[in-house]
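The structure appears right after this line, and notes come after that.
The values are calculated or read from the model by the stated rules, or taken from the named source; none is laboratory data. Model, not experiment: these values are computed from the prediction. With ideal geometry, Cβ positions are generated from the backbone for all residues, glycine too; neighbour counts draw on all protein chains shown.
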Amino acid sequence: MSKFEYGPMDTYEIIWASGQVERIAAHQVIAPPSDLMAPLFSGATATRKRAGWMFHGEVDGHWKLLLFAPAEDIITIRNVTHTHDTAGGVA
């Protein structure tokens, strides 16, 4: 057991550039850095760009990278943990 308690994972819906819709459970989602933010932060991140989405979660007591996806491969990400889709698509 880890020394941190993260609770249950949230469920995120990903719409890929291909049109495929997928759901993933994760504790944390980190968005790719914006090009507009680059001048504000100097150092390693300015020279080494991470152009992708990262999904992390605690699995079996260990913090893990669950998914890395290049920014251009994803159209939309939304947290659907507390939504209840009904017939007809109205929440």
Of the residues in region 7-26, those that are part of a loop (DSSP other than H, G, I, E, B), in contact with a helix residue (DSSP H, G or I) (Cβ under 9 Å, 6 or more places away or on another chain) and among the hydrophobic types (A, V, I, L, M, F, W, C) come to 17
Inside region 37-91, the number of residues satisfying the requirement of being at pLDDT below 85, surrounded by 11 or more Cβ atoms within 10 Å (Cβ to Cβ) and not hydroxyl-bearing (Ser, Thr, Tyr) is 4
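Kindly indicate the residue of region 1-28 that is among the charged types (D, E, K, R) and at pLDDT 90 or above and also farthest from residue 82 (Cα to Cα) among those meeting that condition.
22
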